[in-house]
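Notes follow once the structure below has been shown.
What follows is calculated from the coordinates using simple rules that are stated; it is not laboratory data. Quantities reported herein were computed from a predicted structural model and do not represent experimental measurements. Backbone-built Cβ (ideal geometry, glycine too); neighbour counts: all protein chains shown.
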Amino acid sequence: MSKRFEGKVVIVTGGARGIGLATAQAFAQEGASVAVCDLAEDLAASAAAGLASEYGVRALGAACDVADEAQVDAFVSRVIAECGGLDILVNNAGITRDNLLFKMSVADWDLVMGVHLRGTFLCTRAAQRHMVEKRFGKIVNMSSTSALGNRGQANYSSAKAGLQAFTRTAAIELGPYNINVNAVAPGFVDTEMTRQTALRRGIDPEEYMKMRAKNISLGRVGVPRDIANVVTFLCSEEASFVSGQIIYVKGGPETVR
Ligand code: NAI
């Protein structure tokens with residue numbers, strides 16, 4: 001495989017597992033230096049160690065809560081100092097706190113908004129300072145098919161819809177500085193997040209995957225690499241005229257959520 005990202009420095013938030021880890025691996029496989037942050041220092045560090053040993057690239061793993069302004073600014077500055085710059089930011093960190101609207105607590109509303117919307121804003125603001133100076137950057141935000149509305153996810157679907165507006169606005173503001181900003185909106189992907197949802201509903205995760213696959217045209221649920229492949233495309237030279245777009249990656253045209 002060609003090494004499309006040799007010499008590039010990438011940050012993936014929430015990169016210790018799931019879609020974030022698969023994205024970090026996809027960039028590392030194509031030669032990028034990769035920095036992953038996550039809530040737990042040890043998980044981020046072991047993800048980075050795995051990237052370095054498997055792909056022979058420079059990899060950095062650190063604890064950083066994307067909803068915390070000081071932590072985000074410190075993490076982004078550290079990556080720029082230790083890796084020699086920052087070319088690509090993937091705002092992937094995410095959580096769910098599902099509940100029907102009438103039972104949803106203010107704390108769960110704020111938490112989900114904080115990680116997805118505030119987190120993406122803080123990381124993008126920190127990264128663009130460097131990208132604007134360099135007149136180069138690629139930013140991909142992780143939205144979701146839930147942005148179209150999903151029972152039990154008033155907080156999450158609102159945050160994911162908000163990210164689409166944020167993506168388009170950032171693309172308008174940063175385009176003049178040669179920075180592309182896009183979003184990927186995955187459908188159902190087999191990760192710890194969706195397996196935990198199954199367990200919360202009292203369903204065996206394997207059964208849940210089969211159930212969800214029935215509603216997907218291609219007859220299977222997504223795997224993290226399906227999403228990572230689109231993220232890397234959006235950050236590649238081939239996609240240099242694509243900006244402000246929301247790419248749905250969900251195995252078919254139906255609304256699956
Ligand atoms: P996951 O739960 O497996 O991984 C998310 C990672 O983000 C975890 O390692 C977690 O510790 C980290 N994280 C959570 N809060 C954080 C914070 N405040 N600061 C830093 N890191 C934090 O989830 P998955 O499935 O890999 O999801 C990744 C992204 O894709 C999320 O934004 C999610 O909303 C989105 N997504 C996932 C879908 C799915 O079906 N799995 C579908 C559509 C979107």
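Quick look at the numbers
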| read-out | value |
| --- | --- |
| Rounded Å value of the spacing that divides the Cα centres of the range 107-124 and the range 12-33 | 21 |
| Spacing of the two label points (7 Å from each Cα toward its C-beta) at GLU207 and PHE241, in nm | 5.1 |
| Pairwise centroid distance, computed over Cα atoms, of the range 220-249 with the range 72-91, Å | 21 |
| Theoretical FRET efficiency, 1/(1+(r/R0)^6), r = Cβ-Cβ of LEU148 and GLU69, R0 22 Å, to 0.05 | 0.15 |
| Using alpha-carbon coordinates, inclination of helix 119-134 to the longest axis of the chain, degrees | 20 |
| Cut-off 15 Å between beta-carbons: net charge of the residues surrounding ASP226, Lys and Arg +1, Asp and Glu -1 | +3 |
| Pairwise label distance in nanometres, LEU100 with THR169, each label 7 Å out on the Cα-Cβ vector | 3.3 |
| Neighbourhood charge, 14 Å Cβ-Cβ cut-off, centred on ASN155 and excluding it, Lys, Arg +1 and Asp, Glu -1 | +2 |
| Cysteines in the chain that, by Cβ-Cβ distance, have no pairing candidate under 4.7 Å | CYS83, CYS123, CYS235 |
| Within the chain, helix-based [θ] at 222 nm, where runs of 4 or more DSSP H residues each add -39,500 (n - 2.57), nearest 500 | -14500 deg cm²/dmol |
| Inter-label distance, nm, simple model (7 Å from Cα along the C-beta direction), GLN196/ALA49 | 2.3 |
| Among GLY84, GLY222, GLY18, residue whose mean-square fluctuation peaks in a GNM of the chain (springs only between Cα atoms under 10 Å) | GLY84 |
| Listed pairs LYS138/LYS250; LYS214/LYS250; LYS8/LYS138; LYS3/LYS138 exceeding 19 Å between Cα atoms | LYS138/LYS250 |
| Residue-count net charge about ALA40 - beta-carbon cut-off 12 Å; Lys, Arg +1, Asp, Glu -1 | -3 |
